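Enquirer: For reference, the structure I am asking about is given below.
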Amino acid sequence: MFEIGISDPFYEIKSKALIALYEVKDPELGVNIVDLGMVYNLEVSNASIILYMTLSTPSCPMGGLIISYAKIAIENALPGYEADIRLVWEPKWNYEFISTEGRAALGL
């Protein structure tokens, strides 16, 4: 699971972005993308927030919707910043990435 170090110079900005991403749910599973373990990293570059994330599969039918919601969530939480969503496929997502909270929500 992605975590932000307290000594990170962009801790406050990244924390706001991460909190916003807890509101982005996979429409098929009904669990947020953070607890599903799909958020890999956040970077801050000038007025951009770069989100490195994945989907359950490259052919995820809800992928476009999830990406759009993630972009909107970050930009609403951080006015003046533009969200740049970058899909990554390594490491390949699997059920082991799901947090304890996510597992409970899924009944696992």
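Enquirer: Where residues in the stretch 84-108 are under 13 Å from the mean Cα position of the chain (by Cα) and without any contact (Cβ under 8 Å) to a residue 40 or more places away in the chain, which of them is farthest from LEU29 (Cα to Cα)?
Expert: Looking at residues that are under 13 Å from the mean Cα position of the chain (by Cα) and without any contact (Cβ under 8 Å) to a residue 40 or more places away in the chain, I get ASP84.
Enquirer: I would also like to ask the following. Report whether or not PRO9 is of a type outside the set (Phe, Trp, Tyr), touching a helix residue (DSSP H, G or I) at 6+ places or on another chain (Cβ under 8 Å) and not in a helix (DSSP H, G or I).
Expert: Answer is no for this residue.
Enquirer: Right, something else. Residues of the stretch 10-47 being farther than 21 Å from GLY63 by Cβ, of a type outside the set (Asp, Glu) and surrounded by fewer than 14 Cβ atoms within 10 Å (Cβ to Cβ), which ones?
Expert: TYR11, ILE19, SER45, ASN46, ALA47, listed by residue number.
Residues are listed down the side, and each one gets a yes or a no for (1) in a helix (DSSP H, G or I); (2) under 24 Å from PRO9 (Cα atoms); (3) in contact with a helix residue (DSSP H, G or I) (Cβ under 9 Å, 6 or more places away or on another chain):
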{"residue": "LEU36", "(1), (2), (3)": "no, no, yes"}
{"residue": "VAL44", "(1), (2), (3)": "no, yes, yes"}
{"residue": "PRO79", "(1), (2), (3)": "no, yes, no"}
{"residue": "LYS92", "(1), (2), (3)": "no, no, no"}
{"residue": "ARG103", "(1), (2), (3)": "yes, no, yes"}
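Enquirer: Tell me which of these SER68 doesn't satisfy, since it passes every other one: (1) under 15 Å from PRO27 (Cβ atoms); (2) of a type in the set (Ser, Thr, Tyr); (3) in contact (Cβ under 8 Å) with a residue 40 or more places away in the chain.
Expert: (3)
None of the figures in this text is laboratory data; all of them are computed from the coordinates on show. The structure displayed is predicted, hence computed values, not measured ones. In this analysis, Cβ positions are derived from the backbone assuming ideal geometry, glycine residues included, and neighbour counts consider all displayed protein chains.
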